[in-house]
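The next block holds one structure in the form of structure tokens; read it before the comments.
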Amino acid sequence: ADPEIVRGAVRRQIAAAIPVRAGVPRAARQGDGRPLAIALLGPTGVGKTTTIAKIAAMYKLRQGKRVGLVTSDTYRIAAVEQLRTYANIIGLPLKVAMTPADMSAAIESLRDCDVVLIDTAGRSQHDAARIDELAAAVDAAAPHERFLVLSTTSAESVLQKAAERFARLAPTGLILTKLDEAVHFGVVPNMMRATGLPLTMVTTGQEVPDDLEAASADRMARLVLDGPEAAA
């Protein structure tokens, strides 16, 4: 009889369908003696490079950590220069890896850092051969975390296919981007169920590092119920 009670119950049920492991991992020497290494994976156009710049700025400017950047995105025009611009602004070393051997060398050269962030080339979920190439580069980096990056502006069928294809790279968490551009969010619980991955972070705009948030199941549930007006 009380719409607010019903709404609250529905919101809690939706939130329960969104597993969360919120925020960036602690930047510290890992059990293998290496700095924390994080790779961002995903299709083209989801905002991986901007997201990695936000994460780098958060570690460096807010936590005072030593951060190294590696990019293997040598296919997209000006991709390296985009990340180099961010690296110069934030004051970070950047290594470019053309091959798996380059990747291993780049990771080794950044051993004095607290955290190494790896920007991988975007790959179409339809191009199995390119995803195999990407897998070789990621395996050479041996990251401790592999975050799959997907855009909330994509159709559910596109997201489902991407999740299926990138599953072979063994992602450990999910980052959802472009919440500020999405018009509906019903796809989010479905994506969580399809991937089986915990949601770690979301991005809400282009500002570096401000438009990056630790994931919140309750916030996502409110977006599902109320749409973009709940994003404010």
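The values are calculated or read from the model by the stated rules, or taken from the named source; none is laboratory data. If you're wondering where the values come from, they're calculated on a predicted model, not measured in any experiment. Here the Cβ positions follow ideal geometry from the backbone for every residue, glycine too, while neighbour counts run over all protein chains shown. What goes into the accessible areas is simple: the full protein's heavy atoms, side chains included, and nothing from ligands, DNA or RNA. Shrake-Rupley method; radii C 1.70, N 1.55, O 1.52, S 1.80 Å.
Remark on Arg66: its backbone amide H falls under 5 Å from those of Asp114, Val115, a criterion applied only to residues 5 or more positions apart or on other chains, H modelled at 1.01 Å from N. In the list (1) 64, 39, 34; (2) 55, 51, 32; (3) 40, 39, 37, the label attached to Cα extents along the principal axes in Å as derived from the coordinates here is (1).
3J(HN,Hα) along the range 191-207: 5, 4, 5, 5, 7, x, 9, x, 7, 9, 9, 9, 10, 10, x, 9, 5 Hz, from the Karplus curve 6.51 cos²θ - 1.76 cosθ + 1.60 with θ = phi - 60°, whole Hz, x for Gly and Pro. Rounded to the nearest 20, the Cβ-based charge dipole of the chain about its Cα centre (Lys and Arg +1, Asp and Glu -1) stands at 440 debye. Each Cα pair under 8 Å and six or more residues apart adds its separation to the average, and for the chain the resulting relative contact order is 28 percent. Under a 5 Å amide H cut-off, with hydrogens placed 1.01 Å from N, Thr172 pairs with Arg146, Phe147, Leu148 among residues at least 5 apart or on other chains. Based on the convex hull around the alpha carbon atoms, the range 28-70 presents an average projected area of 3.5 nm².
Nearest 10 degrees is fine. How inclined is helix 79-90 to the longest principal axis of the chain, computing both from alpha carbons? That works out to roughly 90 degrees.
Selection among His144, Leu199, His184 by position relative to the dipole of the chain gives His144 as farthest towards the positive end (Cβ unit charges, Cα centre).
Across the alpha-carbon set of the range 122-232, the Rg to Rh ratio works out to 0.98, Rh being the Kirkwood radius.
For the range 117-232, a simple Cβ point-charge model (Lys and Arg +1, Asp and Glu -1, everything else neutral) yields a dipole of about 480 debye relative to the Cα centre. Within the accessible area of the range 18-60, the carbon and sulfur atoms contribute 52%, probe 1.4 Å, all protein chains present. Surface exposure of the chain, expressed per residue as accessible area with a 1.4 Å probe, stands at 44 Å². Between Ala105 and Asp32, the FRET efficiency from the beta-carbon distance, with R0 = 22 Å, is close to 0.80. For the range 129-173, the set of GluC sites (Glu not before Pro) satisfying both a DSSP loop assignment and a count of at most 14 other C-beta atoms within 10 Å is empty.
Backbone geometry of the range 174-190 corresponds, through the Karplus equation with coefficients 6.51, -1.76 and 1.60 at θ = phi - 60°, to 3J(HN,Hα) couplings of 10, 10, 9, 10, 6, 4, 6, 9, 6, 10, 8, 10, x, 5, 4, x, 5 Hz, x marking Gly and Pro.
Ligands, DNA and RNA left out, the accessible area of the range 163-232 computed with a 1.4 Å probe is 47% carbon and sulfur.
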